Amino acid sequence: MIQLLFTLIFSEMALITVLMFKTPLRKLVLMALDRVKRGYGPIIVKTVAGTVFVVLMSSVYSMMKIQKRWIDEGAVNPTDQVLMAKNLLEATLMGSSLFLALMIDRLHHYIRELRVRRKSMEAVKKQNQVFEDGKVEESKALEKEVITLQAKLKQLESELEVKTKEAHASEANAVALRKQSEGFLLEYDRLLEENQTLRNQLQSLDLRLSRSGSKKNT
């Protein structure tokens, strides 16, 4: 049994050493431990650990009985010394194996937890990167839209300036046409007066001619 316990302890120490360093072998060990912790694995491990613990308590109880016998008898028996050493060695090895098994379990748990945390952190980093990329693309799109709107604004300002110039030119033309029409009206009034004057003159000449004609006939 002592050889078995030594083999178990050295195996556990090797497993702990493998779990301490990031190597391809650690992945295999982690996969093996994951499979052990599935299904009936935990029940089997707990059963074995319970059995080892019971044997450990039995060795401790045997040591206590031997020590009590020494106290009662006041003499040390060589056989009891051998049994005491054997039980002490077995108890030490079993306690060490249980402690190393607990260390392997905790290391496996913390390594798996660390892997989960790293994956979640990588997912968060990817989400942040996507969010930042989206922000950059959105800012670029806004900058392009601002540039487009500025170009449209300049175009509208130039069109407004052209329309304003055309309006001023049209207004100037309208003023000129108004003045020209006023000149035409004045000229028309003058022509009407002259026409009326000429008609009056013609009428007076007709009267004179008719009077002179009537005098000649008499």
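The values are calculated or read from the model by the stated rules, or taken from the named source; none is laboratory data. Everything numeric here is computed off the predicted structure, so don't read it as measured data. Positions of Cβ are generated from backbone atoms using ideal geometry, with glycine treated the same way; all protein chains shown enter the neighbour counts. SASA here: full protein model, heavy atoms, side chains in, ligands and nucleic acids out. Shrake-Rupley method; radii C 1.70, N 1.55, O 1.52, S 1.80 Å.
Just to be sure before I move on: is residue 117 of a type in the set (D, E, K, R), surrounded by 10 or more Cβ atoms within 10 Å (Cβ to Cβ) and modelled with pLDDT under 85 in the structure I sent? Here the answer is no, as residue 117 does not meet what is asked.
Of all the criteria given as (1) under 50 Å from the mean Cα position of the chain (by Cα); (2) open to solvent by 100 Å² or more (accessible area, probe 1.4 Å); (3) of a type in the set (S, T, N, Q), the one not satisfied by residue 158 is (2). The helices (runs of 4 or more DSSP H) located wholly in the stretch 1-103 that include 3 or more residues which are more than 45 Å from the chain's Cα centre (by Cα) occupy 2-20, 41-73.
Residues are listed down the side, and each one gets a yes or a no for (1) part of a helix (DSSP H, G or I); (2) modelled with pLDDT of 85 or more; (3) open to solvent by 100 Å² or more (accessible area, probe 1.4 Å); (4) not aliphatic (A, V, I, L, M):
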{"site": "126", "(1), (2), (3), (4)": "yes, yes, yes, yes"}
{"site": "131", "(1), (2), (3), (4)": "yes, no, yes, yes"}
{"site": "139", "(1), (2), (3), (4)": "yes, no, no, yes"}
{"site": "148", "(1), (2), (3), (4)": "yes, yes, no, yes"}
{"site": "177", "(1), (2), (3), (4)": "yes, yes, yes, no"}
{"site": "206", "(1), (2), (3), (4)": "yes, no, no, yes"}
